[in-house]
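The values are calculated or read from the model by the stated rules, or taken from the named source; none is laboratory data. Keep in mind that what you see is a predicted model, and the values were worked out from it rather than measured. FYI the Cβ positions are ideal-geometry reconstructions off the backbone, even for glycines, and counts take in every protein chain you see.
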Amino acid sequence: MKKIRKAVIPVAGLGTRFLPATKAIPKEMLTIVDRPTIQYIVEEVVASGIEEVVLITSAGKSAIENHFDYDFQLDTVLKEKNKSTLREELANISNLIDVVSVRQKEPLGLGHAIWMARNVIGDEPFLVLLGDDLVRSKVPCCKQMIELYNEVGESIVAIQRVPKDQTFQYGIIEGEETEQDRTFKVKRMVEKPAPGTSDSDMAIIGRYLLMPEIFDLLSKTTPGHGGEIQLTDALQALSIRRGMYAYEFIGNRYDAGDKLGYLKAIVDFSLEHPTLGGPFKEYLQTICAGGKCSVPS
Ligand code: UTP
């Protein structure tokens, strides 16, 4: 079984749900407490033992590449000013992992963005993490998936349960339970099902572990929902060709590309912050003192 060494992070989308904030700033660079969203995602990749990140970028997203690069001029100024802690912090970011970028010239959909990584990935299984999907968990979500892959040796999509009236917003999996904990064999997949057309509440989130055959299937995928090349259509074909598992990961997921999801992430990540968590909780308790909302004590 081939080892999982590389992770693809598509960040070439337009981020229209977050306009006007995302007109000139990539949504992946919006800050959660003290780091941009994309840094949490790359940190998850690193903590899962991955060796190389492939960013799928587009015009206007160079801030993301710069964030993980070494800035000679800034480093020189910080050195002259004896700001050693800051220098170390910045060096840690640029030394996190090897980052390669590939341009997606037009936003033709998530499936097309992943297909752009074919030459860099080659013939090995790999991870995909969406650049605006955050997971907070004790064991990194990708690590949980790699552990399952080491047992089942096939593609895996991470899922979470969602209320039935919200399934139309997600890619939905229909599957059968397996012997592995929290794991289902995928039977059918449907992108954003119309209300009443699927009984399942298992929604695909932005973490995938894929066999390289996905590239061949993506090259044959015609534009689907919204006129975009949908990853879900190629996943469905891959599940038929080779089999696929859905894994109900342990942790909390936040759609940081959506305004409400982003606010929830800020609150939960702030409450956990080693120095800001305490004072922030006190502040929330003060504003909730009227008894209208409850904050964990
Ligand atoms: P989204 O649909 O959430 O991102 O795509 P978006 O298109 O940027 O945002 P909205 O919906 O307009 O607000 C999921 C992921 O796929 C990437 C996005 O960057 C995001 O990480 N993506 C999407 C691409 O890289 N290329 C595309 O053509 C489409």
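Annotations
- Pairing residues of segment 41-60 that are within 18 Å of L30 (Cβ to Cβ) with residues that are assigned to a helix (DSSP H, G or I), at Cβ distances under 8 Å and at least 6 apart in sequence or on separate chains, gives I41/E28; E44/C141; E44/C142; L55/I64; L55/E65; T57/I64; T57/E65.
- Assessment of segment 265-276 against the conditions (within 16 Å of the ligand (Cβ to nearest atom) and either surrounded by fewer than 16 Cβ atoms within 10 Å (Cβ to Cβ) or at pLDDT 95 or above (or both)) yields at least one matching residue.
- Within segment 158-178, the only residue that satisfies the criterion of being over 17 Å from L130 (Cβ atoms), surrounded by fewer than 23 Cβ atoms within 10 Å (Cβ to Cβ) and among the hydroxyl-bearing types (S, T, Y) is T178.
- Segment 248-276, subset under 16 Å from the mean Cα position of the chain (by Cα) and in a loop (DSSP other than H, G, I, E, B), residue farthest from K143 (Cα to Cα): D258
- Scanning segment 13-33 for residues that are near the ligand (Cβ under 9 Å from one of its atoms) and surrounded by 15 or more Cβ atoms within 10 Å (Cβ to Cβ) gives G13, G15, R17, F18, T22, P26, K27, E28.
- Flag if I229 is modelled with pLDDT under 95, surrounded by 17 or more Cβ atoms within 10 Å (Cβ to Cβ), assigned to a loop (DSSP other than H, G, I, E, B) and of a type in the set (A, V, I, L, M, F, W, C): yes
- Selected residue (criterion: farthest from N150 (Cα to Cα)) from residues of segment 34-77 that are within 16 Å of the ligand (Cβ to nearest atom) and touching a Cys at 6+ places or on another chain (Cβ under 8 Å): E44
- In the set G261, G206, G224, G251, only one residue is over 13 Å from V157 (Cα atoms), modelled with pLDDT of 95 or more, within 15 Å of the ligand (Cβ to nearest atom) and surrounded by 15 or more Cβ atoms within 10 Å (Cβ to Cβ); that residue is G261.
Okay, residues lined up against (1) surrounded by 24 or more Cβ atoms within 10 Å (Cβ to Cβ); (2) at negative phi; (3) in contact with a strand residue (DSSP E or B) (Cβ under 7 Å, 6 or more places away or on another chain):
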{"residue": "G131", "(1), (2), (3)": "yes, yes, yes"}
{"residue": "V135", "(1), (2), (3)": "no, yes, yes"}
{"residue": "N150", "(1), (2), (3)": "no, yes, no"}
{"residue": "I156", "(1), (2), (3)": "yes, yes, yes"}
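- Check on V100, within 16 Å of the ligand (Cβ to nearest atom) and either hydrophobic (A, V, I, L, M, F, W, C) or surrounded by fewer than 17 Cβ atoms within 10 Å (Cβ to Cβ) (or both): yes
- Selection within segment 19-36 - under 20 Å from K138 (Cβ atoms) and either within 13 Å of the chain's Cα centre (by Cα) or without any contact (Cβ under 8 Å) to a residue 60 or more places away in the chain (or both): R35
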